[in-house]
1. May I ask for the angle, rounded to the nearest 10°, between helix A:162-174 and the longest principal axis of chain A, with both axes built from Cα atoms and the value confined to 0 to 90°?
2. Defining a contact as two alpha carbons under 8 Å apart and six or more residues distant in sequence, what relative contact order in percent does chain A show?
3. Could you size up the charge dipole of chain B around its Cα centre, putting +1 on the beta carbon of Lys and Arg and -1 on that of Asp and Glu, and report it in debye to the nearest 20?
4. If you plug each phi of segment B:118-133 into the Karplus form 6.51 cos²θ - 1.76 cosθ + 1.60 with θ = phi - 60°, what whole-Hz ³J(HN,Hα) values come out, in order, with x for Gly and Pro?
5. Which whole-number percent gives the relative contact order of chain B, counting Cα pairs below 8 Å spaced six or more residues apart?
6. Where does helix B:58-73 land angle-wise versus the long Cα axis of chain B, in degrees 0 to 90, nearest 10?
7. Over the alpha-carbon set of segment B:1-131, work out the extent along each principal axis and list the three values in angstrom, largest first.
8. Over the Cα atoms of the protein assembly as shown, what radius of gyration and what Dmax do you get, in Å?
Amino acid sequence: MNTPLSPAAPDAASAAPVILFDKVEKTYGARRGATPVTALSDISLAVPEGAILGVIGRSGAGKSTLIRLVNGLEKPTSGRVVVDGVDITALDEKALRGARRSIGMIFQHFNLLARRTAYDNVALPLEIAGVPAREIKARVEPLLDLVGLADKRDRYPAELSGGQKQRVGIARALATRPRVLLSDEATSALDPETTQQILALLRKVNAELKLTVLLITHEMAVIKNVADQVAVIDGGRIVERGTTYEVFAHPRHSTTRTFLADLTSASLPPYVADRLKSEPEPGSEAVVRIVFTGDHATDPVLSRVSRLLSVDINIIQAQVDEIAGAPFGVIVVSVPGDAATLSAVTSAVARLNLSSEVLGYV
Amino acid sequence: MFDLSFSLLPPAIVDLLIEATKQTLYMVAASGLIGTLIGLPLGVFLATSRSGELFAAPWLNSVLGLVVNAARSTPFIILVVAIIPFTRLIAGTSIGTNAAIVPLTVAAAPFIARLIEGSIREVDQGLVEAARAMGASPLQIVRKVLLPEAMPSITLALTLAVVSLLGYSAMVGAVGGGGLGDLGIRFGYQRFMPDVMAAVVIVLILLVQGVQSLGDGIARRLDKRHRG
């Protein structure tokens, strides 16, 4: 854990953070002589107004605990969690209930009431808040429209698809007009196509309602598609933090790289992915991932390196993507795997201000 | 159907059978109702009061759990006799149909409480968390989430309780409670009238079938977890 933490994102300073974690620790108590378990340590994190911040981590990394601190479902052992200027950690149970009404939350398994229709599920938080029936109707129907489920208002959850259930979940989370939306693995139970639709909906409500979104996920693809900022959590600590673009282009921490490798190796052609080894063998080729960011996206980098070093470079896979609205290219190439050639290639690439990473050897 | 089978019995016995059926229905309905009024809140509390739960009171939970277990492990016929002073206190007498309602209720309430506890515990904890995240109070969570979501299961639990009470009610003949069981013992067994015994058994079977079908039907209508 000696990798330097990235400094707080520059825009965090300009806009007042809507969610602020201030040196938060969370330890689960020692019962009957068992050693206490530290779920989170030294978490300081700011989510600026209107941002979508994604927290990514493996299961058990502490991300579920982290998101539950925001609405007080979990209490920190020390430190403060401030939401919209209110110190959540200082509130008693009754005041906390009031604060929770301005914090919406959506869940991996949707958590819809099976015996309520889509309409009645969306109405539930309003009933709880004591909103009169007439006003509930005026609030719920536009929300069902917003999430594209106006025609399903009288359907029960069992009659809806996973994506439709999550749309109901989103409408329900928005019913009390919160300023903050918490998303707890909201797309993890959905197929890739439905995931895209739900993420698009999250972007839409973020933009239209000026909602600040904190989401947790274990999938880098979710971060790539929806978050403008990312924090990587590992072993209860935030090990990397920055804009999504920055972190994708220049990952610093090994955990971040592993997540990014998942994203890349998942798309490597099987004939490469299946044969990939971590150690070189005589005569094997190195598989190198080169990341092209904005300024260099159009440079003829490969031919330049190839000519300069008289090395054959074989393109295995290439894709140009867009992250947070900026072009972002990834090329996976193979080059001769001997140490001298490999280091010449990587340093030539580094001189062009591009980052590269050796994925393995074939 | 009734005319066909009962015409085999003397009219006086048919009258007794009808009277006994009414007594059984009265005892079961009254003890079922009062037992539910006591058992439902008790069951909800048992399901929500362990440590870390909505109404966390682990100590009270343990004590109530012990009381419920004690009541449930006492054989019913012994319970009937053992609580006679209590029965007299409540009903003014220890003999008769009204008096029989007391031990039936005392047996039904803890049984219903345990069944309701089970029904409530079946409700997905994710729903409780979602309701807490909405800012619901513990009472709102019970009223808006736990009870409505558990309702199909609670209906089946109460059906089971009523069916059990039909069985228990046969035993309160021992304290002059009347009802079908009493008729079966006094006429069918002690006076060697197997046709009366058969009629009692048939009426009990019909009652149990009727109650079970009704309960299943209501539970099915309440349950929205199936598609379309």
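1. 60 degrees
2. Here the relative contact order equals 18 percent.
3. Approximately 440 debye in magnitude.
4. x, 4, 5, 5, 6, 5, 3, 4, x, 5, 5, 4, 4, 5, 4, 5
5. Details: 263 pairs, mean separation 60.2, N = 228.
Result for chain B is 26 percent.
6. The angle comes out at about 20 degrees.
7. Answer, in whole Å and largest first: 63, 38, 21 Å.
8. 33.7, 116
Each reported figure results from applying straightforward, stated rules to the coordinates on display, with no laboratory input. Please read all numbers here as calculations on a predicted model, not as lab measurements. As a convention, Cβ positions derive from the backbone with ideal geometry for all residues, glycine included, and neighbour counts pool all protein chains shown.
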